[in-house]
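Participant: Pasting in a structure now, in structure tokens, and then I'll have a few things to ask.
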Amino acid sequence: MSEISDFEARITTAMERIGRVVDVLGAQVEAPEDEGGIDVAEMEAEIGRLQDALQAEKDAKAQLEARVEAIQARQEGHVAELEAEVAQLRSETASLKADRAEDARDIEALVADLRAALALSSNRINPTGGEV
């Protein structure tokens, strides 16, 4: 973006130079030739050169603007892809958390069953170490 600003500044400067040259040349054309007047052909050549320089700057600016628009479009596409990927990952994470919670409940149930079996088993053995 700073390149565009630089080109805009250069275009503005070129336009100001053209304006000053036109003013100076206009004053010189009105002055008699022997008092430092300028040849009309020279003036037209200088104006043509300045206009060509201005057009070159405008063309460069247009190219930069097109490049910036292309970059912005590409970035927007990347952002959309990343947002979709984040949404998918969030969904997968939620699913994994639900699976983990279900696994934890299953483990708790198994532990409870094992404790109950252990309690039954220990009730069948008498305090002396023999079976009932």
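Quick note: the coordinates plus some simple rules give every number you see, no bench work behind them. The structure presented is a predicted model; accordingly, all values stated were derived computationally and were not measured. Cβ atoms come from the backbone with ideal geometry, glycine included; neighbour counts cover every protein chain shown.
Participant: Can you tally the net charge around GLU57? Count Lys and Arg as +1, Asp and Glu as -1, for every other residue whose Cβ sits under 11 Å from the Cβ of GLU57. Before the final figure, lay out the partial values.
Facilitator: Details: positive: ARG10, LYS58, LYS61; negative: ASP6, GLU8, ASP52, ASP59.
With Lys, Arg at +1 and Asp, Glu at -1, the net is -1.
Participant: On a full-extension model of 0.36 nm per residue, what is the gain between ASP23 and ASP99, subtracting their alpha-carbon distance, rounded to one decimal in nm?
Facilitator: Numbers: separation 76, 0.36 × 76 = 27.36 nm, distance 8.12 nm.
Roughly 19.2 nm would be gained on extension.
Participant: Explain nothing, just compute: Karplus ³J(HN,Hα) = 6.51 cos²θ - 1.76 cosθ + 1.60, θ = phi - 60°, for every residue of the range 76-83 in order, whole Hz, x for Gly and Pro.
Facilitator: Along the range 76-83, the couplings run 4, x, 5, 4, 4, 4, 5, 5 Hz.
Participant: Spelling out what I want: for every residue of the range 10-22, take phi, set θ = phi - 60°, compute 6.51 cos²θ - 1.76 cosθ + 1.60 (Karplus), and round to whole Hz; glycine and proline get x.
Facilitator: Along the range 10-22, the couplings run 5, 5, 4, 4, 5, 5, 5, 4, 4, x, 5, 5, 4 Hz.
Participant: A further question follows. Using a 7 Å offset from the Cα along the Cα-to-Cβ direction at both ALA9 and GLU85, what is the distance between the two label points in nm, to one decimal?
Facilitator: 3.7 nm
Participant: Could you derive backbone 3J(HN,Hα) for the range 55-69 from the dihedral phi with the Karplus parameters 6.51, -1.76 and 1.60 (θ = phi - 60°), listing whole Hz in sequence and x where the residue is Gly or Pro?
Facilitator: 5, 4, 5, 5, 5, 4, 5, 4, 5, 5, 4, 5, 5, 5, 5
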